[in-house]
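Inspection log for the structure reproduced underneath, given as structure tokens.
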Amino acid sequence: MSKTLAQLCLVSSLTVLAGAPAFAQTPAAAPAAAATAPGSCPVILKQTFKRLQDDTPQDLCQYAGKVILVVNTASYCGYTNQYEGLEGLYAKYGSKGLVVLGFPSNDFGQQEPGSSKEIADFCYNTYGVKFPMFAKSVVSGKEPNPLFANLIKATGKAPAWNFHKYLIDRNGNVVTNFGSKITPTDKSLVAAVEKALGS
């Protein structure tokens, strides 16, 4: 798997650098009880992370009541073009209550080597990413960041590569997750988002 993914990511890196578009994964449903009273902040969102663009601390409780798609991202991977699909989801369903949260990570294949500024510039200039992105962090292994630690515990699924996706409903329940190969436009992912939105 490593050799194949490494080759795929190398080809994608060259394509991305040439200016091609980019962003997506497979479901493994596992609801996790994290619901809270309406108007309050679910336990899973009681975290603060630095914003990618300027390191300003962001309280995830600001997304309470929304449907959240959490994704670990990388700039130089075969799945990097999923940024395009993720931004498309955010643009289409944002007004209905969906927010996509991107967490760059260098955990897999050293495919996110840049600084926060370099990552932010790449995401915006190459893919027009407008959904919230956070500073680079660890999302796997023994010490993933606190949000991913909770997501992994809730689903029993740790990211195996870049662009793993976790779906959280409006009450803070982790309802399902999708592997890297499931794109943001995949019918199963879109259906899960729409169900969580109640549309």
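Observations
- Lone qualifier among V99, V129 - being buried (at least 17 other Cβ atoms within 10 Å of the Cβ) and either touching a Leu at 6+ places or on another chain (Cβ under 7 Å) or not in a loop (DSSP other than H, G, I, E, B) (or both): V99
- Residues of region 65-82 that turn out to be in contact with a helix residue (DSSP H, G or I) (Cβ under 6 Å, 6 or more places away or on another chain) and either within 12 Å of Q111 (Cα to Cα) or surrounded by fewer than 21 Cβ atoms within 10 Å (Cβ to Cβ) (or both), as a count: 5
- Count - residues of region 153-182 that are over 20 Å from L89 (Cα atoms), of a type in the set (G, A, S) and in a loop (DSSP other than H, G, I, E, B): 3
- For Q53, the criteria (1) modelled with pLDDT of 95 or more; (2) surrounded by 15 or more Cβ atoms within 10 Å (Cβ to Cβ) hold in every case but one, which is (1).
The values are calculated or read from the model by the stated rules, or taken from the named source; none is laboratory data. Every value quoted in this text rests on a predicted model; they were computed, and no experiment measured them. Quick reminder, even Gly has a Cβ in these numbers, built from the backbone with ideal geometry, and neighbours come from all protein chains shown.
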